[in-house]
Structures are given as structure tokens and as C-alpha cells.
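Beneath this line is the structure, given in C-alpha cells, with notes to follow.
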Amino acid sequence: MSIRRFYVLGFGVLMLFDTWTQVSFKLAAVQTGEFAPSLAWLKAAVCSPWIYGAVAGYLGAFVTWMTLLKRAPVGPAFAASHLEVITVLIVSVLFFGEHLVPLQIVGGLCIVLGIVFLGLSESRPADA
């Protein structure tokens, strides 16, 4: 497998795991209600299947991240690992009815451009 394909697939899987984790937390919060330091709330949280979905997502993201770090330069990889901010934003609009404001769109574009610039800087030799 080419290194480019490895990166595309790896970071795609990482985004899926990270997005799944955040969506699972959102659904668990909806199911359990507002946090209350009580046994009833703790029981509702432990019984929520979405909590286990979030844990599974974290485990999947961890394994994927460790695999990516074997080959990827850490700077751009760390930046690219935060693309889930964009995917979670998109999912929140599509599935939870949340609304985007112009600053969120600008912020998302800044994240993507920053990751692109970091990736481009890694592919070019440093000036002496």
C-alpha cells in the first residue's frame, strides 16, 4: 500500500472513530439527562449503550492513532487528527438540527487550511 493511501485511509478511519465517539457522548447525554451527582444518574449512564459506544470509539481511535504515528510525521499528523471537529460540526447540523453561524464556517476552513499547510510544509525540504 502506498504511503498516501495509508494516510488517507488511516486518517479517514480516525475521523470516523472520533466522530462516532462524540456522537455517542451526545446521545448518551440526551438519554441520561443533565449531570447530577446521584446514584440514579450514574446508573442511567452505566446502562446507556451509547457510553459503551463512546468507549469503543476511543479504543478504536487509540489503535488507529498509534498505527498512524508509526509512519506519519507528528506535526501534520497531530493537526490532521483534529479533523473530527469538522465532521462533528457537520453531523451536528445534519442529525441534531444545530445551526451553523458564519464564524463556525470560517473556523472550520481555518482548521482545514492549517492542516493542508502543515502537510505541504512536511513534503518540502527545509530551507538551509
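Taking only the C-alpha atoms of segment 28-79, the Rg (one decimal) and the largest Cα-Cα distance, Dmax (whole number), read 16.3, 46 Å. For trypsin sites (Lys or Arg not before Pro), the sites in segment 19-99 that DSSP calls loop and that have at most 13 other Cβ atoms within 10 Å are Lys70, Arg71.
With R₀ fixed at 41 Å, the C-beta to C-beta distance from Leu109 to Ala45 puts the FRET efficiency at about 0.70. Recomputing semi-axes √(5λ) of the Cα gyration tensor in Å from the coordinates shown identifies the correct label among (1) 43, 22, 14; (2) 33, 19, 11; (3) 38, 15, 12 as (2).
Using a 1.4 Å probe and ignoring any ligands, DNA or RNA, find the accessible area of Met1 and quote it in Å² to the nearest 10. Roughly 150 Å² of Met1 is accessible to a 1.4 Å probe. For segment 17-109, chymotrypsin sites (Phe, Trp or Tyr not before Pro) meeting the loop criterion (DSSP other than H, G, I, E, B) and having at most 12 other Cβ atoms within 10 Å: Phe35. Does anyone have the angle between helix 102-123 and the longest principal axis of the chain? Alpha-carbon axes, 0 to 90°, nearest 10? Roughly 40 degrees between the two axes. Reported to the nearest whole Å, the Cα centre-to-centre distance from segment 59-128 to segment 31-49 is 32.
For segment 1-109, GluC sites (Glu not before Pro) are listed when DSSP marks them as loop and at most 13 other Cβ atoms sit within 10 Å of their Cβ; the list is Glu34, Glu98.
In the chain, the longest principal axis of the Cα atoms and the axis of helix 3-32 are about 20 degrees apart. Using a Gaussian network model of the chain in which every pair of alpha carbons under 10 angstrom is joined by a spring, one finds that among Ala79, Ala44, Ala54 the greatest mean-square fluctuation is at Ala44. Between Met1 and Val101, the simple spin-label model (points 7 angstrom out along Cα→Cβ) gives 4.1 nm. Compared with the dominant Cα axis of the chain, that is its longest principal axis, helix 49-69 is turned about 10°.
The values are calculated or read from the model by the stated rules, or taken from the named source; none is laboratory data. Note that the coordinates shown come from a computational prediction; the quantities given were computed from them, not determined experimentally. In this analysis, Cβ positions are derived from the backbone assuming ideal geometry, glycine residues included, and neighbour counts consider all displayed protein chains. Ligands, DNA and RNA are excluded from the accessible area calculation, which covers all protein heavy atoms including side chains. Shrake-Rupley method; radii C 1.70, N 1.55, O 1.52, S 1.80 Å.
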